[in-house]
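Asks: Just passing along the structure, written as structure tokens.
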Amino acid sequence: MKKHRVVIVGGGFGGVKAALELAGDDRFSVTLITTSPDFTYYPSLYHTALGGRRAGSIIPLSDFFEGKGLTVIVDPAETVDRKAKTITTKSGEKAPYDSAIFALGVITNYFGIPGLEEFSFGIKSDKEIKEFKKHLHTQLINEMKPDLNYVVVGGGPTGIELAGALPGYLKHIMKLHGIRGRAVHVDLVEANPRLLPRLPRDAGRVIKRRLRHLGVKVYTNARVEGASADALTVSGKPIQSHTVIWTAGVTNHPFFTANGFTIAKNGKVAVDIYQRTEPDMYVIGDNANTPYSGMAQTAVEDAKQVAANLRRVVTGRPLKEYKVHEPWSVIPVGHRWAAAMRGGFRTYGLLGAFLRRASDFVAFHDYQPFIEAGHQWAQQFGQEESCDHCRRQFAGDELKTPW
Ligand SMILES: Cc1cc2nc3c(=O)[nH]c(=O)nc-3n(C[C@H](O)[C@H](O)[C@H](O)COP(=O)(O)OP(=O)(O)OC[C@H]3O[C@@H](n4cnc5c(N)ncnc54)[C@H](O)[C@@H]3O)c2cc1C
């Protein structure tokens with residue numbers, strides 16, 4: 001029997017899950033096109049940026065796919081030929097499909113703010129966190145004192161997690177570098193009137209209190225207008241800093257406009273009740289205009305539902321409508337404290353931190369069998385420094401992990 005050819009574009013949360021759902025089924029031949037041989041576990045990237053193990057966030061795709069019989073092409077997809085039903089990569093390789101699934105994720109948006117791209121750090125990829133970490137340590141080596149201010153821009157989950165863990169990490173590495181008695185200043189800047197504008201108001205208030213308790217200065221209604229090598233301009237006033245971390249903006253992947261996809265008003269790809277954007281073309285995860293797009297659990301859920309529908313396609317059954325699942329929001333803020341919420345439920349503190357640990361395990365178990373998921377989960381607990389000076393000092397000086 002001729003196999004149904006599925007080409008999946010994007011090796012992140014949605015794409016890898018869709019590949020795993022279909023790869024074991026011999027009615028399908030599955031090809032995954034992606035940009036990197038590794039999977040990035042974004043939720044713990046901020047932890048890796050602040051002394052956590054790289055292996056806790058960056059996982060080789062081969063760990064998931066070994067023996068699964070699918071084809072992985074590490075080369076960015078560039079064009080779709082709808083007539084010939086092929087996807088072509090940057091180096092010209094063509095992948096023919098009967099059904100295609102797109103899950104390319106989002107990219108950073110600097111909103112055209114002058115100097116920001118040049119003078120800010122990001123924590124959205126392995127490369128970005130390496131640069132950020134190197135900067136923190138090099139600065140301590142060269143100047144033997146912390147920066148005047150460390151400024152995190154963006155009062156969403158990523159900015160909050162980073163700002164909450166940063167004071168503790170800075171104190172830890174200052175100690176390792178032999179710098180004592182210096183205060184660190186961490187600012188969190190948000191343009192909206194409150195933190196977490198997409199989540200309930202009370203959660204934003206509690207988290208703001210928690211951040212203040214950790215010594216983080218929170219500025220709301222504060223608009224970033226420009227950045228230079230020495231300062232960030234916020235609502236007309238400069239904040240002196242050489243360490244600005246931009247977490248405040250993302251935009252949909254340019255692949256979709258470049259290839260003539262139908263784009264909704266919010267910039268995401270318009271999809272129907274089956275997550276199709278056109279016949280035989282499905283869009284999932286961050287790229288799709290669905291109610292909870294922008295969260296890892298949504299991408300996983302989307303992938304499961306599209307895979308289930310493709311099984312219907314090959315057996316000639318009608319497709320099932322997309323079911324919306326409200327994901328949990330779990331946001332760690334400093335050591336052994338997290339806010340966890342879903343619907344009307346909220347919990348803050350140690351129980352939240354426990355739920356965060358549990359949700360990490362569940363997330364890994366979505367991709368790996370129980371034992372392997374446990375090994376991967378355990379990577380979240382270790383510490384690792386690439387700075388030679390810190391590595392020499394490490395023994396006996398344990399960093400409190402941020403959750
Ligand atoms: C720092 C950070 C922290 C986060 N924390 C959380 C959290 O705690 N909880 C939560 O629910 N969500 C969190 N998210 C959001 C979550 O990670 C995303 O919603 C999820 O990754 C979306 O999955 P996706 O498959 O749509 O895209 P991604 O996981 O981003 O995957 C996209 C993939 O496409 C690949 N790609 C890009 N361009 C091309 C191309 N041209 N051709 C082929 N492949 C390409 C990329 O390399 C990547 O592998 C976080 C995001 C970030 C950035």
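Asks: Among the residues of segment 226-276, which ones are within 16 Å of residue 114 (Cβ to Cβ), among the aliphatic types (A, V, I, L, M) and either outside the structural domain of residue 164 (by TED's automatic domain parsing) or part of a loop (DSSP other than H, G, I, E, B) (or both)?
Replies: 229, 248
Asks: Let me confirm something: among 267, 249, which residue is at pLDDT below 95 and within 16 Å of the ligand (Cβ to nearest atom)? I'd like the intermediate steps shown before the answer.
Replies: Values: 267 fails: at pLDDT below 95.
Exactly one of 267, 249 is at pLDDT below 95 and within 16 Å of the ligand (Cβ to nearest atom), namely 249.
Asks: Just need a number here: residues in segment 324-339 that are away from the ligand (no atom under 11 Å from the Cβ) and not in a loop (DSSP other than H, G, I, E, B).
Replies: So the first thing to find is which residues in segment 324-339 are away from the ligand (no atom under 11 Å from the Cβ), and the list is 324-326, 333-337, 339.
Checking the rest, the ones that are also not in a loop (DSSP other than H, G, I, E, B) come to 339.
Qualifying residue count for the region: 1.
Asks: To continue, here is another question. Could you figure out which of (1) free of Cβ contacts under 8 Å to residues at least 24 places away in the same chain; (2) touching a Phe, Trp or Tyr at 6+ places or on another chain (Cβ under 9 Å) isn't true of residue 284?
Replies: Evaluating residue 284 over (1) free of Cβ contacts under 8 Å to residues at least 24 places away in the same chain; (2) touching a Phe, Trp or Tyr at 6+ places or on another chain (Cβ under 9 Å) leaves (1) as the failure.
Asks: Do you know which of the residues in segment 277-294 that are assigned to a loop (DSSP other than H, G, I, E, B) and surrounded by fewer than 24 Cβ atoms within 10 Å (Cβ to Cβ) is farthest from the ligand (Cβ to nearest atom)? Explain how you work it out, then say what you get.
Replies: Step one: of segment 277-294, the residues assigned to a loop (DSSP other than H, G, I, E, B) are 279-280, 284, 289-294.
Going one step further and asking which of them are surrounded by fewer than 24 Cβ atoms within 10 Å (Cβ to Cβ), we end up with 279-280, 289-294.
Numbers: 279: 21, 280: 18, 289: 12, 290: 11, 291: 13, 292: 9, 293: 7, 294: 5 Å.
Of everything passing the filter in segment 277-294, 279 is farthest from the ligand (Cβ to nearest atom).
Asks: Could you list, in sequence order, all residues of segment 340-361 that are in a loop (DSSP other than H, G, I, E, B) and hydrophobic (A, V, I, L, M, F, W, C)?
Replies: none
Asks: Might you check whether a residue that is touching a Gly at 6+ places or on another chain (Cβ under 6 Å), outside the structural domain of residue 285 (by TED's automatic domain parsing) and either closer than 30 Å to residue 179 by Cα or acidic (Asp, Glu) (or both) occurs anywhere in segment 363-370?
Replies: Within segment 363-370, none of the residues are touching a Gly at 6+ places or on another chain (Cβ under 6 Å), outside the structural domain of residue 285 (by TED's automatic domain parsing) and either closer than 30 Å to residue 179 by Cα or acidic (Asp, Glu) (or both).
Asks: Additional query: Take segment 61-91 and flag every residue that is more than 14 Å from the ligand (Cβ to nearest atom) and not polar (S, T, N, Q).
Replies: Once the filter is applied, which keeps residues that are more than 14 Å from the ligand (Cβ to nearest atom) and not polar (S, T, N, Q), segment 61-91 yields 63, 66, 67, 68, 69, 70, 81, 82, 83, 84, 85.
Asks: Now for a different question. Within segment 295-310, count every residue that is buried (at least 16 other Cβ atoms within 10 Å of the Cβ) and more than 10 Å from the ligand (Cβ to nearest atom).
Replies: Here is the first cut: in segment 295-310, the residues buried (at least 16 other Cβ atoms within 10 Å of the Cβ) are 295-307, 309-310.
Add one more test, that the residue is more than 10 Å from the ligand (Cβ to nearest atom), and what stays is 301, 304-307, 309-310.
The qualifying residues number 7.
Asks: Out of (1) within 24 Å of residue 18 (Cβ to Cβ); (2) touching a helix residue (DSSP H, G or I) at 6+ places or on another chain (Cβ under 7 Å); (3) within 10 Å of the ligand (Cβ to nearest atom), the odd one out for residue 129 is which?
Replies: So the condition that residue 129 fails would be (1).
Asks: Mind checking which strands (runs of 3 or more DSSP E) fall wholly inside segment 4-43 and carry at least 3 residues that are under 18 Å from residue 281 (Cα atoms) and within 9 Å of the ligand (Cβ to nearest atom)?
Replies: Once the strands (runs of 3 or more DSSP E) in segment 4-43 are filtered for at least 3 residues that are under 18 Å from residue 281 (Cα atoms) and within 9 Å of the ligand (Cβ to nearest atom), what remains is 28-34.
Asks: Another question, if that's okay. So, residue 332, is that one farther than 27 Å from residue 27 by Cα and buried (at least 18 other Cβ atoms within 10 Å of the Cβ) or not?
Replies: yes
The values are calculated or read from the model by the stated rules, or taken from the named source; none is laboratory data. All figures in this text were calculated on a predicted structure; none of them were measured in a lab. Please note: Cβ atoms are built from the backbone with ideal geometry, for glycine as well, and neighbour counts cover all protein chains shown.
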